[in-house]
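Trainee: Mind looking over this structure? Questions follow.
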Amino acid sequence: MKNILILLLLSSCSLFEKRPTLSDTAQETPGWIYAPYEACAEATELCATGESKTMAQADAQAKANLASIFEVQVKSDLNVNTTSSQTFPWQNTVRQEVQQSLQESVNQILEGVEVKKHFKKDGLTYALASLDRTKASDLLGNRIQKIDDELNVLWARRSRTNLRKIVRLYLEREKLNEKYSIVAGQGRPARMTYQEIMAWRETRPRVENLALRVGQAPEWMTEKLKELLTESGFRIVKGDAAKMISLNVDSIKEYLNVEGFEKYTFTMNMTSFEKGEKLKVLAASETVTGRSQADALLKVKHFFNEYIEQHLSDLHLD
């Protein structure tokens with residue numbers, strides 16, 4: 001009777017024991033090595049296998065094979081899906097920006113990959129990697145929603161100065177949506193198509209004259225503004241034009257009781273005009289310290305260039 005009780009206790013303990021999720025060896029080759037979904041629930045997981053001489057290398061290979069599902073490649077020809085004959089000076093830059101942003105999103109998703117099983121035989125280690133579909137679709141869905149929030153506002157405005165951003169966001173969204181459809185089963189349609197974006201651009205003037213009047217402003221700021229206006233379809237002219245932008249930067253030296261450093265507040269003003277009538281005034285200020293005024297001005301270069309790029313459409317040139 002005593003022996004029976006001991007056996008019962010041992011059996012009950014084994015029932016509550018947490019079994020390991022990884023198995024290093026087995027007598028027979030498991031089917032998941034050649035058919036991963038024999039050990040995965042395809043409805044809730046994405047799986048792939050890898051093999052190598054060491055466990056670490058096998059894990060890495062399995063994860064790499066799983067990552068190949070999310071491989072991203074943005075075509076250099078942005079007009080591939082449209083009959084539009086237009087080309088843009090920023091095409092390669094946009095492609096690189098989209099590629100980088102997509103890779104960051106994919107890397108975030110792949111952080112959730114887990115190795116479920118191992119098997120060793122004849123000097124080789126096999127690994128089974130798994131990615132939870134729900135977690136991956138949530139990450140992708142949240143990123144798509146964030147893009148939609150910005151893209152839909154820009155599309156509603158239909159400003160040429162936002163075309164580059166519209167195209168970049170749309171391309172990123174479409175690539176993310178391809179991956180989302182893999183993990184979620186179906187994609188999320190956008191409010192517009194690439195053909196519609198290009199068709200709208202065709203309705204706008206290819207080139208429109210614009211006068212740029214610069215008071216006091218650093219050369220890098222003037223060149224940035226010219227670059228953005230030119231790529232939006234405006235030709236900068238020296239004489240008069242129906243549309244005009246004025247640019248000026250003021251600087252104020254602030255008090256700073258630190259030897260060897262100076263403190264300045266820079267204020268940029270941009271004003272748009274059409275046929276002599278003022279349309280819009282934009283202003284932005286930034287305070288920085290530097291060894292000199294020139295040094296301080298360089299420190300605000302990124303801030304003002306970013307501001308111009310983000311708010312150029314607010315000048316209502318369209």
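Trainee: Within the range 103-199, count lysine pairs with alpha carbon atoms under 28 angstrom apart where the residues are 8 or more positions apart or belong to different chains.
Mentor: Taking the Cα cut-off of 28 Å, the pair count is 12.
Trainee: Which percentage, to the nearest 5, of the DSSP beta bridges contained in the chain is antiparallel?
Mentor: So the antiparallel bridges in the chain amount to around 80 percent.
Trainee: With +1 on each Lys and Arg Cβ and -1 on each Asp and Glu Cβ, and nothing else charged, work out how big the dipole of the range 243-318 is about its Cα centre, in Debye to the nearest 20.
Mentor: Taking the Cα centre of the range 243-318 as origin, the dipole is about 140 debye.
Trainee: Please get the size of the charge dipole for the range 128-255, origin at its Cα centre, with Cβ charges of +1 on Lys and Arg and -1 on Asp and Glu, quoted in debye to the nearest 20.
Mentor: Using only the charged Cβ atoms, the result is roughly 260 debye.
Trainee: Got a sec? Charge dipole of the chain, +1 on Cβ for Lys and Arg, -1 for Asp and Glu; which of Ile33, Thr193, Val106 is way out at the positive end?
Mentor: Thr193
Trainee: For the chain, modelled as a Gaussian network with Cα springs under 10 Å, which listed residue fluctuates most, Gly260, Gly141, Gly112?
Mentor: Per the Cα network of the chain with a 10 Å cutoff, Gly260 tops the list.
Trainee: If you don't mind, another one. From the C-alpha gyration tensor of the chain, pull out the three semi-axes of the equivalent ellipsoid (sqrt of 5λ each), sorted largest to smallest, in whole Å.
Mentor: 58, 27, 17
Trainee: Let me know the charge dipole size of the chain about its Cα centre in debye, to the nearest 20, where only the beta-carbon of Lys, Arg (+1) and Asp, Glu (-1) is charged.
Mentor: Here the chain has a charge dipole of around 420 debye.
Trainee: Ok, one more. Projected onto the charge dipole of the range 208-315 (+1 at Lys/Arg Cβ, -1 at Asp/Glu Cβ, origin at the Cα centre), which of Ala242, Asn305, Ser232 gives the Cα projection farthest towards the positive end?
Mentor: The residue sitting farthest along the positive end of the dipole is Ala242.
Trainee: Can you list the residues of the range 166-201 with backbone N under 19 Å from a point 7 Å past the Cα of Gln108, pointing along Cα to Cβ?
Mentor: Backbone N within reach: 168-184, 188.
Trainee: Could you work out the relative contact order of the chain, using alpha carbon pairs under 8 angstrom and six or more residues apart, expressed as a whole percent?
Mentor: The value is 13 percent.
Trainee: For a quick protection proxy, order the peptides 42-48, 125-131 by their average other-Cβ count within 10 Å, most packed first.
Mentor: Numbers: 42-48: 16.0, 125-131: 24.0.
Output ranking for 42-48, 125-131: 125-131, 42-48.
Trainee: Determine the shape class of the range 166-318: with a ≥ b ≥ c the square roots of the Cα gyration tensor eigenvalues, call it rounded for a/c under 1.5, and otherwise prolate if a/b is greater than b/c, oblate otherwise.
Mentor: Oblate, because a/c is 1.5 or more while a/b does not exceed b/c.
Trainee: Mean-square fluctuation check for the chain, GNM, Cα pairs under 10 Å: which of Arg191, Arg235, Arg158 is largest?
Mentor: Arg191
Trainee: Right, next: List the residues of the range 265-309 whose backbone N lies under 19 Å from a point placed 7 Å from the Cα of Ile252 along the Cα-to-Cβ direction.
Mentor: Flagged as within label range: 265-270, 282-290, 293-294, 296-297, 300, 304.
Every number here is computed from the coordinates shown, using simple stated rules; none is lab data. Predicted, not measured: the structure shown is a model, and the values here were computed from it. Backbone-built Cβ (ideal geometry, glycine too); neighbour counts: all protein chains shown.
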